[in-house]
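First the structure, in the form of structure tokens, and then the observations on it.
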Amino acid sequence: MADRDALPLPLEVRARLAELELELSEGDITQKGYEKKRSKLLGAYLPHPPGLEASMAHERRPPMAPSASRYHRRRSSGTRDERYRSDVHTEAVQAALAKHKERKMAVPMPSKRRSLVVQTSMDAYTPPDTSSGSEEEGGQGEGTPTSSQGSVSMEHWISRAIHQGSTTSSSSSSTQSGGSGAAGRLADVLAQTHVGKSGPIAHLSLKRKTMLGVAENGNSLRRSCEFGSDLLWPPPLESEENHSAPPDVTTYTSEHPVQVERPQVSTVPRTTPKYGNAELMETGDGVPVSSRVSAKIQQLVNTLKQPRRPPLREFFVDDFEELLEVQQPDPNLPRPEGSQMVAIRGEPLGVVTNWPPSLEAALQRWGTISPKAPCLTTMDTNGKPLYVLTYGKLWSRSIKVAYNILHKLGTKQEPMVRPGDRVALVFPNNDPAAFMVAFYGCLLAEVVPVPIEVPLTRKDAGSQQIGFLLGSCGVTVALTSDACHKGLPKGPTGEIPQFKGWPKLLWFVTESKHLSKPPRDWFPHIKDANNDTAYIEYKTCKDGSVLGVTVTRIALLTHCQALTQSCGYTEAEIIVNVLDFKKDVGLWHGILTSVMNMMHVISIPYSLMKVNPLSWIQKVCQYKAKVACVKSRDMHWALVAHRDQRDVNLSSLRMLVVADGSNPWSISSCDAFLNVFQSKGLRPEVICPCASSAEALTVAIRRPTDDSNQPPGRGVLSMQGLSHGVIRVDSEERLSVLTVQDVGTVMPGALMCVVKPEGVPQLCRTDEIGELCVCSIATGMSYYGLSGMTKNTFEVFPMTSSGAPISEYPFTRTGLLGFIGPGGLVFVSGKMDGLMVVSGRRHNADDIVATALAVEPMKFVYRGRIAVFSVTVLHDERIVVVAEQRPDSTEEDSFQWMSRVLQAIDSIHNVGVFCLALVPANTLPKTPLGGIHLSETKQLFLEGSLHPCNVLMCPHTCVTNLPKPRQKQPEIGPASVMVGNLVSGKRIAQASGRDLGQIEDNDQARKFLFLSEVLQWRAQTTPDHVLFTLLSSRGTVLSSLTCLQLHKRAEKIAAMLMERGHLQDGDHVALVYPPGIDLIAAFYGCLYAGCVPITVRPPHPQNIATTLPTVKMIVEVSRSACVMTTQVISKLLKSKEASAAVDVRTWPPVLDTDDLPKKKPPQLYKPSNPDTLAYLDFSVSTTGMLAGVKMSHTATSAFCRSIKLQCELYPSREVAICLDPYCGLGFVLWCLCSVYSGHQSILIPPSELEVNPALWLLAVSQFRVRDTFCSYSVMELCTKGLGLQTESLKSRGLDLSRVRTCVVVAEERPRIALTQSFSKLFKDLGLHPRAVSTSFGCRVNLAICLQGTSGPDPTTVFVDMRALRHDRVRLVERGSPHSLPLMESGKILPGVRIIIANPETKGPLGDSHLGEIWVHCVHNGSGYFTVYGDEALQSDHFNSRLSFGDTQTIWARTGYLGFLRRTELTDASGERHDALYVVGALDEAMELRGMRYHPIDIETSVIRTHKSIMECAVFPWTNLLVVVVELEGSEQEALDLVPLVTNAVLEEHYLIVGVVVVVDIGVIPINSRGEKQRMHLRDGFLADQLDPIYVAYNM
């Protein structure tokens, strides 16, 4: 292979060359740099001198050690059994990815606002703690070769890791865009055209228009995003066309002919439609949409169409209860078949005559016999010996500490610490000597040391929980060193503050110079080891809580003896310790067992390892150490750094204890380490992995043997089997396997068995994975102060299948999962804490970390900075992966990496990842030794404060336990029996208000058919009675109108219309006025002139571009012959700004009514027929439909009469109105009701409340109003704006006690939360809670319900939200799960009849059934006024008939779903009261998964998820749910919302969110009635006009 001719250059290299040339021409790189990089790129393809092998496409490989090259030659031949497959994992991952590469998955990339992208780039970079491992994750996967070079020699891989900064990217998935944005993209284009590729823009990031030049036109060709990476040898390139086609973004096809044998996918080159601004594209509905967003969504839809894992079985109970899937075991699953295991006994613990009776006795012996013998050597950060502690010094200082603890704290009568009390030991990791003295001092004083970490800040991750442990242990004293004491955070007066959650502590410094000498006659009492507690070791649980494991003195001694025996320790041996000496293996070997055997410990602090990862190896050589205690991480670091060393010699080592050897991924570190250092004297049998746990101390350890021929035990297990808890040796699928190494045999004197992890501790079968349990003196005794948990962990009695206990002695659960293999070898496959049970299968967090790391880790994420945990969503655990991203990786790179990680985990573990998040470097909470604090990370994730910079959610692939989509059931048809008022056994849902004909009242206005006549009559009979008062924003009266004044102004306006406008009767006139009195006068002027008025909201002067087109549209659609307005607005309509928005030349004549003619018209117009048109009511619905409803004179008068009766309005009344006067009930109350009923209307324009939120309530109080009307937006303004001012308002004399009705005018479901908080807030100001109610109106009938004065209070019911989705009403108790409160929408108005009908079949429905509300009434509108006469479409809105039952009555369809319910209350006439509950508009409702959802319900759930979500709107798009949230807060929180929103909607609505869009406050459009315009929002989103902060596409 070495003497091959020059190879043809792969595309990747050519592209990179083109890019380099461009960089050179742009001046981004020097000539020298260019040549260096170019020769590096071409190096691999030029003929090599013999002896070197062609390596990766960009690097030469150094000559290998002979053993290594033999190993590799053997490997590449493809045989399997000659080698240990420790690196199988990386190969598996690469193979899995290559497989996926064939399947071509197009994942839409999230889009991010520029500011967010910048934030996470180099600016935020602080080099991370290079600690890539920790106690928790024990450096998983250390030494797994990175990307695809599974077969490259170790040195080569390491050198890559070291020079990684300078090397170019080696994977076809990432494009390194050189130079500045445009140049880089240009380079891509050149590179692409160079090799003749064509393809879509694979991942368009919707960043704010920062893509310059080429990219903007949408024809920049991006590098195809294949998953998979280069293979080691460039494949034989038969032809130039052998490159992979880019993924097809728009259509998902799998028609590429795939040739599996060859590593690269050969595809027929074909052009795929580009998308960008240039071309249109059909979406799922066949709607052409020219937008990048919809292309993304289309891509998402296509991705979701791909075959998924088979869905699980579903269950339904009671035809609509959606029960989530209950996991049914698959009969074909692997099951354990072995016989029941037998407990394994370790060799007997030999009794050696000179073993001391206790550890203190050992210390006394060595301290007096050989006081000069070195006990501990500490190092400084330069690796120089700092201090040597001898046994004599350790002995004398420990006595001093013991004396001072017992006699110098507190008073003689009341000592603070007595024997048996607990004290905290707080020592930094670089001061083992002080720790050792303090620890033995405590043992001598018979107090119990609790070693903990140094609390660095007041809010250190997990330090609060440690505080709780100290509190529960009753700790009052903390021993610490001088340096540490000085370094603790101090308060202003110099005292150490109380840390959060910590008890009050006395800090006591143990340095000799601070202590008093014990008197001559004082001597510690040294007893034999007994059952008193010796020390407490802290342990952090999965949920973050900290427990204290108590270890007795006899257990301590026995454990030291067992370790001495199994490790063969002898006196004066030298041992190098890199581990944390405060707990676990580091404490047991480096502080305790070493003293028992008078050994010499060389302690390497973590800070030195960070500076010089080779320091421990150097110390082993320097001191000729026999033993070293390390973690896989330390071996991994040594590998990465070892090439600087020449004179390394490890032949002195007889034992290398690997503390986290039980971690399945330590095996690759061990192998790689041996591979490199075998040539430096390291013998294979020296490596001794051990397994340990806080509860059971050392569980098993491999013994150092002299026989190098006996290979260690290996198991290559099937991952599939493991996930079912079964041991199956690697089957034919080869990819998903886990290689585990043995951790030796059971400890001397111990008995071990394996029990089922859950439930009764029953023995496992021999081929079953379970929890290891140990019975021995040398284990922990209890969790301090927790008797229940202690019983379950330390007092376990394993049973056989017949139920008989296997031993009379209790066993301790180790928390380790594994099995006992042949020859009594113990294998550990994972930890109980890392166990995640996803739909019945077990996965280990460590395994998933390793898979993620094997996907080219070094480029994008930091090794060992990956957290994997599960969160419970929808009754199952879901896997979350969080990694720290390198600051120099681009958006695209990291996204690419994320997609590949998902695929790798899917292939190898057969499980979906629910959420994958990348956070900026150094932001994950750390444990004291630099690992990731898992529970804290999980906590941050769940509360939305992790602040990731990239998130990929895959709920579509993971969530398989959703209820089945519903098939519609045929409803009751005409064939069903209808008897009287019953529909199949239920009372028909119908109700009506009082009958107008039968009400006797002295209503003078009744005798007039037309409102214009009523006004004339009032002008004659009560000319000076004030009808209207308009308030300014300061609450003063701006203007008012009496009956006569109104009549006179209306006459003048009528005259002007006839003269200047030359209008005939029946002509339409648009009234464009601000809310006020001019509008009212103009309206009656039109009636007097016989014209038909249309009220139009004037354009907003600050926002002409969006508001003016609506005005223009209404004027055109209503066919207005002229526009009447004020002078100011008439100038605005023709201004320069206006001409930019609309064509100003096409306005009809514009009349301004500011200066009116003095004369009055010859005669006032009187309509001939009351059914002719009185006015047109134009409004835009929330779905964006503009509709004008025709209101006849009859309907108008009947309407006013109905309201007068319901609200008992008389001339002596005042009514305050704070509504927009342009359509619906707002217009009727503002303009019409006063003229009909004669009451005084106090008019408050809602826009004035923005200046003065208290205006409306102050007016209500000042005018002593009894009835007032407002909108939801007004109520919200008051609730938000006056929330904190109730006291000051009270002092200003605001009194609402006279209000008997405060009605919210709305066309939607009552907003219960808002009305309730309003009532609560202003209760102190005298507002009676029963006064607040809502009304309900719609297009076809402007007011159907209105609370009014008499009649029962509005009622509230709770319905089951799940039933509602199936169009059923099921009443539940308040507070029950899935309950939704619905408030009655006011009382039905007089003259109104309501029935509930099925919107599809038009059949009547029964009581408490959900259906469309139909209404029959005199004041219904008489139809839509449309230009094109396409009334057939909408005609049934106004005249529908039931399909059976009463088929004669003509009904109007409201388009709203609701139900009627007969209550226990009685109304004024003594009848039982029928309450109408409005659920939501049919137009707005979303049909998803066969069920009907109302946006407001989903929005309510979403708003509750995070404090920063201000507002939310949802809408469907091609069967995907799109959620738009407004973020209040920093943009860094944007990505936190994605998982929270997805989880909430899944949990509460069983729906998967397709797209989450995070926008700024105020982006969600809201109309004047305070309703969300969701369809406008949808159009804005699809047209890419929202300028979102972040868009996440859930997979």
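Sorting Glu891, Glu1059 on solvent-accessible area from highest to lowest, probe radius 1.4 Å, gives Glu1059, Glu891. Estimated from the Cβ-Cβ distance and a Förster radius of 25 angstrom, the FRET efficiency linking Asp995 and Ser1443 is about 0.40. Ordered by solvent-accessible area of protein heavy atoms (1.4 Å probe), largest first, the residues His514, His1366 come out as His514, His1366. 3J(HN,Hα) along segment 892-897: 5, 4, 5, 5, 4, 4 Hz, from the Karplus curve 6.51 cos²θ - 1.76 cosθ + 1.60 with θ = phi - 60°, whole Hz, x for Gly and Pro. For segment 933-969, backbone nitrogen atoms closer than 11 Å to the point 7 Å from Thr1518 Cα along Cα-to-C-beta are found at no residue.
Only protein heavy atoms count here; on that basis, with a 1.4 Å probe, Met799 has an accessible area of about 50 Å². Among the listed pairs Lys372/Lys583; Lys393/Lys527; Lys513/Lys926; Lys490/Lys582; Lys36/Lys384; Lys408/Lys504, those with a Cα-Cα distance over 30 Å are Lys513/Lys926; Lys36/Lys384.
What percent does the relative contact order of segment 806-902 come to when contacts are Cα pairs within less than 8 Å and at least six residues apart?
Details: 110 pairs, mean separation 19.1, N = 97.
Dividing the mean separation by the residue count of segment 806-902 yields 20 percent.
Report in % the part of the accessible area of segment 1175-1317 that belongs to carbon and sulfur, leaving out ligands and nucleic acids; probe 1.4 Å.
Result for segment 1175-1317: 51 percent of the exposed heavy-atom area is carbon or sulfur.
Just the accessible area per residue of segment 386-471, please: how many Å² with a 1.4 Å probe?
On the way: 3100 Å² over 86 residues.
Accessible area per residue, segment 386-471: 36 Å².
In this simple spin-label model, placing a label point 7 Å from the Cα along the Cα-to-Cβ direction at both Lys372 and Asp1587 gives a separation of 8.1 nm. Were the residues from Thr30 through Ser1039 laid out at 0.36 nm apart, the gain over their Cα-Cα distance would be 355.4 nm.
Residue-wise HN-Hα couplings along segment 1332-1349, as the Karplus relation 6.51 cos²θ - 1.76 cosθ + 1.60 with θ = phi - 60° gives them from phi, are 7, 8, 10, 10, 9, x, 7, 4, 6, 8, 5, 8, 9, 10, 7, 4, x, 9 Hz; Gly and Pro carry x.
I need the calculated FRET efficiency for the pair Tyr809 and Thr570, taking r as the beta carbon distance and R₀ as 45 Å, to the nearest 0.05. Before the final figure, lay out the partial values.
On the way: r = 32 Å, r/R0 = 0.70.
Calculated transfer efficiency: 0.90.
Placing pseudo-labels 7 Å out from each Cα toward the beta carbon at Asp1155 and Leu506 gives an inter-label distance of 9.5 nm. Taking all protein chains together and rolling a 1.4 Å probe, Thr1315 ends up with roughly 10 Å² accessible. Normalised by 2.2 N^0.38 Å, where N is the number of residues, the alpha-carbon radius of gyration of segment 672-830 equals 1.14. Between Ser801 and Trp355, the simple spin-label model (points 7 angstrom out along Cα→Cβ) gives 3.8 nm.
At 0.36 nm per residue, and after removing the present C-alpha to C-alpha distance, how many nm does the segment from Ala1140 to Glu1287 gain when stretched out fully?
48.1 nm
Between Met832 and Val388, the contour length at 0.36 nm per residue exceeds the alpha carbon distance by 155.8 nm.
Here Lys490 and Ile526 are evaluated by their C-beta separation; at R0 = 35 Å the FRET efficiency comes out at 0.35.
The values are calculated or read from the model by the stated rules, or taken from the named source; none is laboratory data. Since the structure is predicted, the reported quantities are computational estimates derived from the model, not experimental observations. Neighbour counts run over all protein chains shown; Cβ positions are idealised from the backbone, glycine included. Just the protein is used for accessible areas: all its heavy atoms, side chains included, with ligands, DNA and RNA removed. Shrake-Rupley method; radii C 1.70, N 1.55, O 1.52, S 1.80 Å.
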